[in-house]
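What follows draws every value from the coordinates through simple rules; no lab data is involved. On a predicted model such as this, the values are computed, not experimentally measured, just so you know. Note that we place each Cβ from the backbone using ideal geometry, even for glycine, and neighbour counts take in every protein chain shown.
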Amino acid sequence: MRLLLIGPPGSGKGTQAVRIGDHFGIAHISSGELLRQHVEQNTPLGRSIQAYLESGDLVPDGIVMDVLRKPVELASRQGGYILDGFPRTVAQAEAAYEVAKELDAWVQVALYLEVPRDELIGRIRARGRASGRSDDTQAVLNHRLEVFDQLTVPLLDYYAKREVLVTVDGSLPVDEVTAAVIDELTRVRPALR
Ligand code: AMP
């Protein structure tokens, strides 16, 4: 099963991606986590992308594709994946589609976690206090929400036109969101398993 998860900052996409990956026995691949690891390990790539992460801007497409290529190819051969945080733009989706065509392994479901804006802001403030993530401050959060609206929201239309978009109410309690996603994937797309 090959899934991707789209959601604004604070939508719970990281948490849900881990749970969904575990449930279906597929790899959880987070672009943000892979990029943050480079920064934490102070690799040359990490040093070149640190400023993007701290400001909430998107890392250039070529770098993101390079970081993801191997784990995604590996997971495609081993039962599938849930991609958390990629693609973030229509250009990335198109680039990913070209790679997927070569592997005969394009995305089967794009899950969208929909959460009202005021709820997101409350959640991410709490996360900023708890996580210590440098991109969880208020100014950066506002910027990340703008980036989401401008660059990522057009993806919803892109995947809706390809008839793979499934929208889930992400404002519910965490367990209920997980259950709704699993239910949706099991019921609506049984052939994927
Ligand atoms: P996330 O963990 O998904 O919230 O991502 C954290 C940060 O990593 C984002 O604010 C971006 O700076 C960067 N990032 C993650 N995924 C991507 C992507 N697909 N394209 C560009 N930048 C990304």
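Numerical summary
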| quantity | calculated |
| --- | --- |
| Fluctuation leader among A130, A91, A75 - the chain, Gaussian network, Cα springs under 10 angstrom | A130 |
| Rough spin-label spacing in nm, given labels placed 7 Å along Cα→Cβ, for L74 and Y97 | 2.8 nm |
| Mean separation of Cα contacts under 8 Å (6+ apart) over length of the chain, as relative contact order % | 33 percent |
| Spread of Cα-to-Cα distances over 10 Å intervals beginning at zero, given as percent, for the stretch 1-42 | 26, 49, 23, 2 |
| Chain lengthening between S48 and D183 when straightened (0.36 nm per residue, less Cα-Cα) | 44.5 nm |
| Which of L83, H23, L53, positive extreme of dipole for the stretch 1-148 (C-beta unit charges) | H23 |
| For the stretch 68-128, the fraction of alpha-carbon pairs in successive 10 Å shells from zero, as % | 17, 43, 22, 17, 1 |
| Helix-only [θ]222 nm of the chain, DSSP H runs n ≥ 4, -39500 (n - 2.57) each, per residue, nearest 500 | -18500 deg cm²/dmol |
| Semi-axes of the equivalent ellipsoid for the stretch 2-191, Cα gyration tensor, largest first, Å | 24, 21, 15 |
| Cβ-placed point charges (K, R +1; D, E -1), dipole of the chain about Cα centre in debye, nearest 20 | 320 debye |
| Y81 long-range amide H proximity, modeled H, under 5 Å | R2, L3, A27 |
| Relative intensity, log₁₀ I(q)/I(0), of the stretch 101-162 from a Debye sum that treats every alpha carbon as a point, q = 0.17, 0.22, 0.26 Å⁻¹ | -0.73, -0.95, -1.11 |
| Cα shape, the stretch 20-78, gyration tensor, a/c 1.5 rule | prolate |
